[in-house]
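S.K.: Once you've had a glance at the structure underneath, I'll fire off some questions.
The values are calculated or read from the model by the stated rules, or taken from the named source; none is laboratory data. If you're wondering where the values come from, they're calculated on a predicted model, not measured in any experiment. Cβ sites come from the backbone with ideal geometry, for glycine too, and all protein chains shown count toward neighbours. Note: accessible area is taken over every heavy atom of the protein model, side chains too, but ligands, DNA and RNA are not part of it. Shrake-Rupley method; radii C 1.70, N 1.55, O 1.52, S 1.80 Å.
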Amino acid sequence: MASKKVLGLTAATAALVLGLTACGGGDGGDNGGGGGGGDGDAFQFGILYPQTGSLAFLGPPQITAAEYAIEEINGAGGILGTELPAIVEGDEAGDAAQANEAANALVSDGVHAVIGAAASGMTQATYDTITGSNIVQCSGSNTSPELTNIEDGGYYFRTAPSDLLSGPVMARKIIQDGHQSVAIVARADDYGSGYAGGLQEELEAEGVEVVVSETYDPDSTTFDSVVNAVGSEEPDAIALISFEEGAQVIAQLLENDVSGDQLYITDGLNSPELGDSVDESNPEIVNGITGVAPGADNPEFNDGLGSFAPDLEVYQFAPQVFDCVTVIALAAEAAGSVDPAEYVSEMAGVSAPEGTECGSFAECRDLLADGEEINYQGVSGNIDFDDNGDPTSATFQIFHFGDDGYETLGFEEYSVNE
């Protein structure tokens with residue numbers, strides 16, 4: 001598909017006209033996602049995230065980070081001097097039909113932006129509903145390379161890195177640990193195939209042999225075929241690209257004489273409770289496993305989020321979601337409008353390297369008010385959207401399960417320019 005481009009002035013004007021029709025905003029309603037919005041209107045965020053389903057563990061950090069960002073924005077006076085109301089929620093539920101039903105509800109509610117979906121597959125199922133209504137959509141956790149070239153009219157963005165960035169980071173860690181033959185086992189979906197492709201390409205470019213590359217149906221009740229394929233080749237290391245069903249794959253691999261220090265996992269299994277999921281009676285069985293996930297080396301943000309939500313236990317993708325909310329708010333400030341068709345053309349500009357660096361909504365907003373161009377430095381790291389709405393650099397967490405339980409070994413930066 002042709003690469004999408006951020007809307008220019010002429011396209012934005014056309015989108016405004018279309019939005020008046022597509023979103024029922026022709027009557028001048030205050031909060032129409034495509035046609036409403038003007039001075040004095042309250043910016044209404046919606047969020048599409050997993051309240052239920054296989055990725056429900058990602059739900060609490062997503063909604064909490066969005067609410068934390070809104071509190072920071074309201075503490076600085078709101079968007080264009082008007083405080084934001086409570087975010088409108090929708091459940092993607094790990095089901096395409098339900099996710100699209102929730103997306104339609106958000107559009108009908110007249111939101112000015114949608115945060116999410118959390119899962120790449122759920123964004124594939126909903127982006128046409130959202131961006132087709134000329135509403136900006138920004139995900140803090142979509143990583144599928146397939147989302148780079150979707151036909152979204154320039155309204156889709158993400159602050160999480162594509163798996164084409166994640167794969168090379170995992171490859172580097174596997175090589176650093178001294179492995180020379182690798183088996184790749186992945187879900188048979190966009191997430192699995194995209195990640196596996198980037199990982200295999202980087203491994204082979206560095207002279208490492210990929211002896212197995214197998215996919216599996218994530219709805220299976222047994223994973224004997226991929227486990228047997230791995231066992232027959234006896235690789236040094238095994239990369240598992242999965243969501244929660246990966247706990248069962250790990251259990252079967254460990255039962256077949258694979259050791260923990262051979263296993264490398266992705267963000268879909270980045271949970272301190274992984275050991276309980278694999279073997280509740282022996283959670284230490286996962287000791288030795290190492291993983292790679294988009295992260296943020298930002299203790300100050302973690303402390304702030306912890307104070308905002310003391311009971312929050314999982315922070316995965318929270319910085320990226322916070323950045324989605326903040327960059328949208330700054331784009332609206334730069335455009336002087338809450339109308340997506342007006343502010344979408346400012347999304348890339350407020351985080352562009354040519355501007356003055358700033359690190360919070362209030363600081364950046366004040367620079368805009370002084371007539372300066374800005375370069376918002378996200379809490380997840382530098383964003384710098386490309387023409388497809390993808391970040392061009394990212395920070396990755398290297399996590400590990402050891403004798404002291406779940407731990408972070410460090411963080412690694414990776415850029416598309418490397």
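S.K.: Cβ contacts < 6 Å: first residue open to solvent by 30 Å² or more (accessible area, probe 1.4 Å), restricted to region 383-401; second residue β-branched (Val, Ile, Thr) and modelled with pLDDT of 95 or more, any location; separation 6+ or different chain. Result?
M.R.: His400/Thr290
S.K.: Condition first: more than 20 Å from Gly268 (Cβ to Cβ) and not charged (D, E, K, R). Now tell me which residues in region 82-97 satisfy that.
M.R.: So the first thing to find is which residues in region 82-97 are more than 20 Å from Gly268 (Cβ to Cβ), and the list is 82-90, 97.
Of everything in region 82-97, those that are more than 20 Å from Gly268 (Cβ to Cβ) and not charged (D, E, K, R) turn out to be Thr82, Leu84, Pro85, Ala86, Ile87, Val88, Gly90, Ala97.
S.K.: Moving on. Could you identify the single residue in Ile73, Ile63 that is buried (at least 19 other Cβ atoms within 10 Å of the Cβ), part of a helix (DSSP H, G or I) and free of Cβ contacts under 8 Å to residues at least 40 places away in the same chain?
M.R.: Details: Ile73 fails: free of Cβ contacts under 8 Å to residues at least 40 places away in the same chain.
Checking each option against the conditions leaves just Ile63.
S.K.: Give region 76-97 a look and list any residue that's in contact with a strand residue (DSSP E or B) (Cβ under 8 Å, 6 or more places away or on another chain), part of a strand (DSSP E or B) and open to solvent by less than 40 Å² (accessible area, probe 1.4 Å), or say none. Break it down stepwise before answering.
M.R.: Keep residues of region 76-97 that are in contact with a strand residue (DSSP E or B) (Cβ under 8 Å, 6 or more places away or on another chain), which gives 84, 87-92.
This time we only want the ones that are part of a strand (DSSP E or B), so: 88-91.
Val88, Gly90, Asp91 - these are the residues of region 76-97 that are in contact with a strand residue (DSSP E or B) (Cβ under 8 Å, 6 or more places away or on another chain), part of a strand (DSSP E or B) and open to solvent by less than 40 Å² (accessible area, probe 1.4 Å).
S.K.: Does at least one position in region 207-215 carry a residue that is of a type outside the set (Val, Ile, Thr), within 25 Å of Ser54 (Cα to Cα) and modelled with pLDDT of 95 or more? Working first, answer last.
M.R.: In the first step, residues of region 207-215 are kept if they are of a type outside the set (Val, Ile, Thr); the result is 207, 209, 213-214.
This time we only want the ones that are within 25 Å of Ser54 (Cα to Cα), so: 213-214.
Filter once more, keeping what is modelled with pLDDT of 95 or more: 213-214.
Within region 207-215, one or more residues are of a type outside the set (Val, Ile, Thr), within 25 Å of Ser54 (Cα to Cα) and modelled with pLDDT of 95 or more.
S.K.: While we're on this one: How many residues, within region 190-236, are under 25 Å from the mean Cα position of the chain (by Cα) and part of a helix (DSSP H, G or I)?
M.R.: 14
S.K.: Taking interchain pairs and intrachain pairs at least six residues apart, which have beta carbon atoms under 8 angstrom, with the first residue in region 329-353 and under 11 Å from Phe385 (Cβ atoms) and at pLDDT 95 or above and the second open to solvent by less than 10 Å² (accessible area, probe 1.4 Å) and part of a loop (DSSP other than H, G, I, E, B)?
M.R.: Taking only residues 6 or more apart or on different chains, the pairs are Ala331/Met347; Ala331/Val350; Met347/Gly389; Ala348/Gly389.
S.K.: Quick check, is Ala247 over 21 Å from Glu146 (Cβ atoms), surrounded by fewer than 14 Cβ atoms within 10 Å (Cβ to Cβ), of a type in the set (Gly, Ala, Ser) and under 28 Å from the mean Cα position of the chain (by Cα)?
M.R.: Details: over 21 Å from Glu146 (Cβ atoms): yes; surrounded by fewer than 14 Cβ atoms within 10 Å (Cβ to Cβ): no; of a type in the set (Gly, Ala, Ser): yes; under 28 Å from the mean Cα position of the chain (by Cα): yes.
No; evaluated as a whole, the condition is false for this residue.
S.K.: Here is a further query. Would you check which residues across region 187-210 are of a type in the set (A, V, I, L, M, F, W, C) and open to solvent by 40 Å² or more (accessible area, probe 1.4 Å) and list them? Please lay out each step first, then the result.
M.R.: To start, the set of residues in region 187-210 that are of a type in the set (A, V, I, L, M, F, W, C) comprises 188, 196, 199, 203, 205, 208, 210.
Ala188, Ala205 - these are the residues of region 187-210 that are of a type in the set (A, V, I, L, M, F, W, C) and open to solvent by 40 Å² or more (accessible area, probe 1.4 Å).
S.K.: Any residue that is open to solvent by 20 Å² or more (accessible area, probe 1.4 Å), in a helix (DSSP H, G or I) and at pLDDT 95 or above - is there at least one of those in region 256-264?
M.R.: First, pick out the residues of region 256-264 that are open to solvent by 20 Å² or more (accessible area, probe 1.4 Å): 256-259, 261-262.
Now restrict to residues that are in a helix (DSSP H, G or I): 261-262.
Keeping just the survivors that are at pLDDT 95 or above gives 261-262.
Yes, that holds for at least one residue.
S.K.: If I ask for residues that are open to solvent by less than 20 Å² (accessible area, probe 1.4 Å) and not in a loop (DSSP other than H, G, I, E, B), which ones from region 366-380 would you list?
M.R.: Matches in region 366-380: Ile374, Asn375, Tyr376, Gly378.
S.K.: Which ones in region 312-360 are open to solvent by 10 Å² or more (accessible area, probe 1.4 Å) and aliphatic (A, V, I, L, M)?
M.R.: Leu312, Val314, Ala334, Ala335, Ala348, Ala352 - these are the residues of region 312-360 that are open to solvent by 10 Å² or more (accessible area, probe 1.4 Å) and aliphatic (A, V, I, L, M).
S.K.: Taking interchain pairs and intrachain pairs at least six residues apart, which have beta carbon atoms under 7 angstrom, with the first residue in region 285-304 and surrounded by fewer than 18 Cβ atoms within 10 Å (Cβ to Cβ) and the second of a type in the set (S, T, N, Q) and modelled with pLDDT under 95?
M.R.: Asp297/Thr395
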